[in-house]
Amino acid sequence: MCQWQGGKGLYMQLNATAPILAVYANPEACLKKDFRVKRSSVVYLVQMLSSPKDHGWGQDIEVLVLLYSLAHGLSLSVVGSAFGIPKSTVHRIIKHVTGKIKANLKTLISLPTADELPEIADGFCQLAKSPAFHRAAGAIDGCHIRIKPPGNEYHKEYINYKLFPSIQMQAICDSTGRFLDVFIGYPGTVHDARVLRNSPIFCQALFPPAGWFLLGDGGYPCLEKPVGLLTPYKVPRGQVQARFNRHHARARSVVERAFGRMKARWRATLFKALEVSPSFAPDIIACCAFLHNLCIDMNDVLEVAEAFPPEDGDQSPPPAAACGQESPGHHLRNRIAAQLSAPVQMAPHLREHDYI
């Protein structure tokens with residue numbers, strides 16, 4: 001609605017009668033019910049995405065439209081009714097703000113520096129309840145996000161092993177559940193190990209540094225190079241291997257909880273098939289991961305923890321041949337398993353003699 005005030009053009013006048021805007025205008029009102037995040041998180045996001053080129057009704061309203069759409073399942077009609085704007089405008093705003101978040105993705109989702117790795121490893125030692133994981137740099141896993149598959153010959157490519165259409169989200173997180181890296185877009189039929197082998201993390205050996213390792217489930221190969229990756233024993237033999245699997249699971253499961261927390265916050269969007277095209281779905285998922293990290297930074301936690309079961313069980317690696325430059329990490333896993341089973345202190349009677 002174009003108007004003129006004082007000789008200056010006013011691009012759009014806000015609809016003050018919209019109840020959702022009245023809630024936002026009241027500084028004492030809680031935004032979590034409608035937007036799934038608290039007010040300080042909204043303010044932080046607006047400041048992060050603002051630019052000199054912003055015009056019209058302001059960046060804050062565009063951010064509110066995106067958050068409200070994620071909180072209510074990306075329904076253009078619902079969002080349009082709440083804000084009193086056409087569905088076409090809602091669609092355009094979602095595209096615009098999603099593009100801005102995508103351009104700023106690395107400001108909140110980035111690999112740690114060498115100085116930050118020891119603190120991350122200490123967190124995994126606490127999760128595993130053992131100092132043997134003092135070189136753990138992250139936990140990796142894949143998650144299936146439901147989508148509406150394309151209506152063409154590629155339809156079957158998106159039907160995963162649980163028989164629903166999805167795209168893959170591979171993520172690496174630290175010991176607090178904060179995402180360090182995300183790789184999104186492969187269709188549901190693609191195995192976790194293949195997604196890993198086609199990701200920049202693996203192809204370019206970006207992370208972790210030499211001497212460090214990631215923790216993954218049985219769907220991944222146990223590797224030393226090009227990336228360090230420790231997986232559990234598929235068929236543990238004896239107490240040493242069984243003990244390693246228990247401690248490993250305690251540390252690795254943090255990435256599953258991270259997926260659960262992200263889905264719990266945006267459950268209206270992520271707990272059902274995404275109401276967007278498969279080509280745009282990765283951008284929406286990346287936005288949810290971005291907002292997940294933002295909420296961690298702002299200490300914005302959900303009041304009621306809504307648990308979601310793990311999306312993926314351990315799967316056997318695909319029969320495809322591995323890359324010739326891969327180096328197995330079984331010896332590293334055996335060494336850590338031995339450390340876990342080694343006695344912390346020598347028995348008193350063993351100190352009474354000198355052993356040669």
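Points to keep in mind about this one:
- Annotation note: of L274, L291, the sole residue that is aliphatic (A, V, I, L, M), modelled with pLDDT of 95 or more and open to solvent by less than 30 Å² (accessible area, probe 1.4 Å) is L291.
- Leading residue by the ranking (farthest from N104 (Cα to Cα)) among those in region 51-74 that are of a type in the set (G, A, S) and modelled with pLDDT under 85: G56
- Hits in region 98-116 (condition: in a helix (DSSP H, G or I) and touching a residue at least 60 places away in the same chain (Cβ under 8 Å)): T98, G99, I101, K102, L105
- Every pair of residues 6+ apart whose Cβ atoms lie under 7 Å, when the first sits in region 220-243 and is in the same structural domain as L332 (by the TED database) while the second is surrounded by 14 or more Cβ atoms within 10 Å (Cβ to Cβ) and basic (K, R): C222/R333; L230/R333
- When residues in region 71-88 are screened for being farther than 20 Å from V23 by Cβ and either surrounded by 14 or more Cβ atoms within 10 Å (Cβ to Cβ) or out of contact with any helix residue (DSSP H, G or I) (no Cβ under 8 Å at 6 or more places or on another chain) (or both), 4 of them pass.
- Strands (runs of 3 or more DSSP E) (entirely within region 120-217) containing at least 3 residues that are open to solvent by 30 Å² or more (accessible area, probe 1.4 Å) and under 23 Å from K102 (Cα atoms): 179-187
The values are calculated or read from the model by the stated rules, or taken from the named source; none is laboratory data. Source: prediction; values computed, not measured. Every residue, glycine among them, receives a Cβ derived from its backbone with ideal geometry; neighbour counts consider all protein chains shown. Ligands, DNA and RNA are excluded from the accessible area calculation, which covers all protein heavy atoms including side chains. Shrake-Rupley method; radii C 1.70, N 1.55, O 1.52, S 1.80 Å.
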